[in-house]
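To start, the structure under review is shown below, and the notes come after it.
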Amino acid sequence: MQLREILVRGPNVPDAAIRFDAGANIVAGASDAGKSYVLHCLDYILGGTEMRKRIRESEPYSEVFAQFVGPDGRTISLRRQLSGGELEAFDVPIDAIDGPGEPVVAGRKGLSKATDVTAVLFALAGIQEAMLRKNARGETQRLTIRTLRPVFLIDEIAVIDERSPVTGPSGFDDTAQRRAFSFMLSGKDDKGVVATEKRDIVAARLRAQLGLITNLLEPLEERLKQYPSDDDDGAIDRVEAAIADLSSTLAFANEEHSALQIARQETSDQLHRARSQLVAIDELLSRYALLDERYASDLERLDFIAEGVHYFGGLQEVHCPLCDQLMGAGHEHLELDDDVQASARAEAAKILGYRADLAAATFSVQDIRKLREAERDTAAEALNAATRRMRDLAPAVTETTGRLERLIARRVTLEAVRGDRSQADSLRAMQAEIEQSAKDARTPATDWEQLPAQALRDLCKEVEAVLRIWKWTGEGRVEFDQKPFDIVVDGQARQAHGKGVRGVLYAAFAIGLLRYCIDNRRPHPGLVVIDSPLTAYKKSQGGDGGQGPVDAGIEAAFWASLPSIGNGGQVIIIENKEPPPEVALALHYEKFAGILAAPNERNGFFPPLPPTNDQSPP
């Protein structure tokens, strides 16, 4: 990842902007021209809590932009209000921004998963999400761009400070910065580390556990005192055997009762069916009897007609028995004696046949009635027998059920006793274990893995290479002391030098780390910004204020090395001192000339504002 532009914008004022190229960049010139303000803008847009440096020229401005480009050429621009708040991200260069961008928080808090500056820029730079150990107990935190700040964003105070170039000026709880440095060296983070708890937290938790166990034990102990001593496992077995026997007996009784209910229902159905059929048969026989009476009446009528037809002529004028007309002189039926007698006899014969059939049917139905009466009597007897048997079974079933319920209740009680005893035994064992743990409740000292030795040696070689390029006087042997987390050059700690040499060595360490990460494909933002690495450095051969022996050619070699020293990374140097002309031509150089700037020169980061009505041009 490389920085391409920083721009500050405000209403009714011209933009203040500075661009950077790949490789080496120099921003140099007069004091109070806004050079350090550039670094503070970058620090702020990378998640700083506030804009740490406010200068008079920045007052009319309201927002700051930074444009980055990734190794794949993708561009990300960030925007943030100078007054504070969160950020916006854009997938276009600054000059192509139109409208709002994607909301981005400066830093995540708690368990938040919001998109923050780290997530945006790590994705652009190809740095994986990582977890770092933050204390000796093994608690971890997420790697952020702020954790890496001391090794790639070095302000004018930090560069000469005696603190570690890895942990920076925080000076408190710097384990995460140390682990970030190890992550850069090895590419391995601490996501698999299991944290231990603080001793007072462990003790408090054990006390709480003991209190809980005591509260659980007390009612158990009271209940166990009330249980008889013979409530042992043998009693449970005996009760179980008795329950099994009674359950078997009750099952047989229930099966018999169910069978009797089924038989009783079937017998009741048969009895109902037989009774219903008898009612129907009696009704049929009654109808048969009425029909037989009708046949008898018809036969008597026909006999009367056959025997009395010859009397028709001597009858007075009455209604004809054949046609119900008055039988006057010339009535047609007076001349039909023979025909009437023949017809009456034929009709009587037919009725006699019907009557014989009716008698046969009556006998058949009477036989069926006798069968149904037998079925009725048999069903009634069977129903009474089943009812008597069910009545006899009921007391036995009730008694067996009662005994079984009492035994089951006894078993429940015995199971409760067994459960209480088992739970009490477990709680007592846990109580003893916790009490023993409480006596030994100490946070064990953990031996954490040291920095990877070979990777650390390779880094030191890169720093040695940088010092050779800068013509360091002496052997230039670099080691890394893991106690102060700083380099030792030729047997002398960096902190032991004066601030001028400390600044040069800090710059050598930061650039050497950049080179190491690039060469070994290790995680690194890809750029290094150093403010005033040479300002405190003085060319001399003597002690000069405790700075120690310094070769006069280091500054010249420093400038001469910049075009190629980054090994493909981006190096931005902010300095009061100006580079030699040949160096300025070989890389991207921005000169802030200050108030003495010529017409073709830039006076500072902010363009000069036009004079107001009550001011005259300088």
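The values are calculated or read from the model by the stated rules, or taken from the named source; none is laboratory data. Given the structure is predicted, the values throughout are model-derived calculations rather than measurements. Counting neighbours? That spans all protein chains shown, and the Cβs are built from the backbone with ideal geometry, glycine included.
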(request) Quickly run through the stretch 145-175 and pick out the residues that are part of a helix (DSSP H, G or I) and at pLDDT 90 or above. (result) R149, P150, V151, F152, A158, V159, I160
(message) If K35 satisfies all but one of (1) modelled with pLDDT of 95 or more; (2) surrounded by 22 or more Cβ atoms within 10 Å (Cβ to Cβ); (3) of a type outside the set (V, I, T), what's the number of the condition it fails?
(response) (1)
(request) Restrict the check to the stretch 301-312 and report whether at least one residue is at pLDDT below 70, outside any helix (DSSP H, G or I) and not hydrophobic (A, V, I, L, M, F, W, C). (result) no
(request) Go through the stretch 467-485 and give me each residue that's in contact (Cβ under 8 Å) with a residue 24 or more places away in the chain and more than 50 Å from the chain's Cα centre (by Cα). (result) L467, I469, W470, K471, W472, T473
(message) Of the residues T75, T49, only one is out of contact with any Cys (no Cβ under 8 Å at 6 or more places or on another chain), modelled with pLDDT of 95 or more and under 22 Å from R149 (Cα atoms); which?
(response) T75
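Among the residues that make up the stretch 465-484, is at least one of them within 29 Å of A507 (Cβ to Cβ), in contact with a Phe, Trp or Tyr (Cβ under 6 Å, 6 or more places away or on another chain) and surrounded by 12 or more Cβ atoms within 10 Å (Cβ to Cβ)?
Yes, that holds for at least one residue.
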(request) Inspect the stretch 52-60 for any residue being assigned by TED's automatic domain parsing to the domain that holds K591, of a type in the set (K, R) and over 20 Å from R149 (Cα atoms) and give the result as yes or no. (result) yes
(message) Let me spell it out: the conditions are (1) at pLDDT 80 or above; (2) farther than 20 Å from I518 by Cα; (3) not assigned by TED's automatic domain parsing to the domain that holds E240, and D447 meets all of them except one. Which number is the exception?
(response) (1)
(message) Would you confirm whether or not the stretch 91-103 contains a residue that is farther than 30 Å from A33 by Cβ and in a helix (DSSP H, G or I)?
(response) no
(request) Working only within the stretch 126-146, note down all residues that are surrounded by fewer than 20 Cβ atoms within 10 Å (Cβ to Cβ), among the hydrophobic types (A, V, I, L, M, F, W, C) and touching a Phe, Trp or Tyr at 6+ places or on another chain (Cβ under 8 Å). (result) A136
(message) I need a count of the residues in the stretch 495-507 that are under 21 Å from R149 (Cβ atoms) and in contact with a Phe, Trp or Tyr (Cβ under 7 Å, 6 or more places away or on another chain).
(response) 2
(message) Need a quick list: strands (runs of 3 or more DSSP E) entirely within the stretch 16-78 having at least 3 residues that are under 27 Å from P100 (Cβ atoms).
(response) 16-19, 63-69
(message) Residues that are under 29 Å from A28 (Cα atoms), out of contact with any strand residue (DSSP E or B) (no Cβ under 9 Å at 6 or more places or on another chain) and not assigned by TED's automatic domain parsing to the domain that holds F122: does the stretch 473-492 have at least one?
(response) yes
(request) Pick out the one residue from A106, A114, A119 that is in contact with a strand residue (DSSP E or B) (Cβ under 6 Å, 6 or more places away or on another chain), aliphatic (A, V, I, L, M) and assigned by TED's automatic domain parsing to the domain that holds V8. (result) A114
(message) Please verify whether A385 is hydrophobic (A, V, I, L, M, F, W, C), modelled with pLDDT of 85 or more and exposed (fewer than 15 other Cβ atoms within 10 Å of the Cβ), treating the condition exactly as stated.
(response) yes
(request) Find all pairs meeting these conditions: Cβ atoms under 7 angstrom apart; at least six residues apart or on different chains; first residue within the stretch 205-222 and surrounded by 10 or more Cβ atoms within 10 Å (Cβ to Cβ); second residue modelled with pLDDT under 85 and not in a helix (DSSP H, G or I). (result) L206/A441
